[in-house]
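To start, I am sharing the structure in question, which I have written as C-alpha cells.
The values are calculated or read from the model by the stated rules, or taken from the named source; none is laboratory data. Everything quoted here is computed from the prediction, not taken from an experiment. Note: ideal-geometry Cβ built from the backbone for every residue, glycine included; neighbour counts use all protein chains shown. What goes into the accessible areas is simple: the full protein's heavy atoms, side chains included, and nothing from ligands, DNA or RNA. Shrake-Rupley method; radii C 1.70, N 1.55, O 1.52, S 1.80 Å.
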Amino acid sequence: MSPGSVPPRRSGGLAARVNPYWLMIAPAVLVMGALYLLPVLNVLAISVTEPEPGLGNYAMLVDNAPMHRVILATLRVAAITTALALLLGYFVAYGLATASPRMRGLLMIGVVLPLWVSVLIRSFSWIAILRRQGVLNTWLVDGGLVERPLDLLYNELAVCIGMVHFMLPYAILPLYASMRGIDGRLIAAAYGLGASRLRAFLTVFLPLSAPGIVGAGVLVFIFSLGFFVTPAILGGGRIQMIAEYMSWLILDRLLWGPATMLATVLVLAILVLLAALSRVVDLRKLFGAA
C-alpha cells in the first residue's frame, strides 16, 4: 500500500463482529428460554399474585412455624448428605486418581453405573435393606449384634442414607477432575524433602484439591435441596423436605401462592450458590470440560 492511499474498508459490519459460536448455540438458548425461563417467570408471578397481590407469601418465611421446620429439615438433611458424600467420595476419587489405568477404568464404571439406575428403584431397594425384616437387620440379629431389629426406616437416617447413595457420583466426579489436574511432581518433591506420605498428603495434595472439594460440596448441596422421591419414600412422611412440602401445598391444600414462593426462594438460593461457586472454581473445569 502506497503512502497516502486509503486503506480498504472492512466488510461485514455487525455480522463480522458476532462470534460464530453464539450463532451455533442461539437455537438452544431460545429453546431454554421458552421451556425453562418463561415457566420460572410464571412461578415468580404467581408467588406475588396468589391469593392476592403483594409479598404476603414471602412474609410466611418469617412467621410460619411449619414452614420453618420444613426449611430447617431440608437444610439439615442436605448438609449431612453433603458432608458424608464428600467424605466417602474423596476416598474414591483419590483411589481413581492414583490407580493404574486399567483399575481406573473399572473403578470409573462402578462410579458411573449407578447413574443409570432410577432413583425410584434405588429407594425401594433401600427399603428392602433397611426394613425391620430386611437384609441388614437380619444380619445384625443373626450375628448377635442386636437383640431385636433396629428402626432404620422411615426416619432421617434412612433419608440421609438414600440421598448419600444417590449423590456419591456427583461428589466423586468433580473431586476426581480436580485431583487429576494436580502435578504429581509436587508430591514427589515433598517426598524428596523428607515428608512422609501422610505429611505430603496433608500439606500438598489436600490443599491443591480444595477447589474440587468446594465445587463438589456446593453441587451436592444444591442437588440435595430439591430432593423429592427419596425423602418421600424412605422418610415415610415423617421427614418432609421442601419439594415434598410444595407438592402437599399444591395437591392437598391448593395453595399455589406459598408453594410457588418456596419454589422461587429455592431457585434464588441455587443461583446464589452457583454464583459463589463460580468465584471459587472455574465451572468449565469442574467436570474436566476445559
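Out of the stretch 67-87, which residues are farther than 21 Å from Val267 by Cβ and open to solvent by 40 Å² or more (accessible area, probe 1.4 Å)? Spell out the reasoning first.
Just the residues of the stretch 67-87 that are farther than 21 Å from Val267 by Cβ, to begin with: 69, 80, 83-87.
Result: Arg69, Ile80, Ala83, Leu84, Leu87.
Please specify each residue of the stretch 83-121 satisfying the condition of being at pLDDT 95 or above and of a type in the set (Val, Ile, Thr).
Answer for the stretch 83-121, where residues must be at pLDDT 95 or above and of a type in the set (Val, Ile, Thr): there is none.
Filtering the stretch 41-55 down to residues that are in contact (Cβ under 8 Å) with a residue 60 or more places away in the chain and open to solvent by 50 Å² or more (accessible area, probe 1.4 Å), which residue is nearest to Leu268 (Cα to Cα)?
Out of the qualifying residues, it is Leu44.
Looking for whichever is under 23 Å from the mean Cα position of the chain (by Cα), open to solvent by 50 Å² or more (accessible area, probe 1.4 Å) and hydroxyl-bearing (Ser, Thr, Tyr) here; the options are Tyr21, Tyr94, Tyr90. Which one fits?
Only one candidate qualifies: Tyr94.
At least 1 residues that are surrounded by 23 or more Cβ atoms within 10 Å (Cβ to Cβ) in each: list the helices (runs of 4 or more DSSP H) lying fully within the stretch 153-267 that qualify.
156-180, 210-225, 229-234, 242-251
Take Arg148 and tell me if it is in a helix (DSSP H, G or I), open to solvent by 70 Å² or more (accessible area, probe 1.4 Å), more than 19 Å from Ala85 (Cα to Cα) and basic (Lys, Arg). Break it down into steps so the answer makes sense when it comes.
Details: in a helix (DSSP H, G or I): no; open to solvent by 70 Å² or more (accessible area, probe 1.4 Å): yes; more than 19 Å from Ala85 (Cα to Cα): yes; basic (Lys, Arg): yes.
Taking the combined requirement at face value, the residue does not satisfy it.
Right, next: State which residue pairs qualify: first residue within 24 Å of Gly257 (Cβ to Cβ) and inside the stretch 22-40, second residue open to solvent by less than 100 Å² (accessible area, probe 1.4 Å) and assigned to a helix (DSSP H, G or I) in any location, beta carbons under 7 Å apart, and separation of 6 or more residues or different chains.
Val40/Val267
So, one more: Please list, ordered by first then second residue, the pairs with beta carbon atoms under 8 Å, 6 or more apart or interchain, first in the stretch 91-107 and more than 20 Å from Leu198 (Cβ to Cβ) and free of Cβ contacts under 8 Å to residues at least 60 places away in the same chain, second among the aliphatic types (A, V, I, L, M) and open to solvent by less than 30 Å² (accessible area, probe 1.4 Å).
Here the result reads Arg104/Leu96; Leu107/Leu96; Leu107/Ala99, each pair linking the stretch 91-107 to a residue that is among the aliphatic types (A, V, I, L, M) and open to solvent by less than 30 Å² (accessible area, probe 1.4 Å).
Give the residues of the stretch 101-123 that are within 19 Å of Gly181 (Cβ to Cβ) and open to solvent by 60 Å² or more (accessible area, probe 1.4 Å), sorted by residue number.
Once the filter is applied, which keeps residues that are within 19 Å of Gly181 (Cβ to Cβ) and open to solvent by 60 Å² or more (accessible area, probe 1.4 Å), the stretch 101-123 yields Pro101, Arg104, Leu107.
Looking at the stretch 48-130, what helices (runs of 4 or more DSSP H) fall wholly within it and have at least 3 residues that are over 21 Å from Ala232 (Cα atoms)?
Passing ranges, in order: 56-63, 65-98, 101-112.
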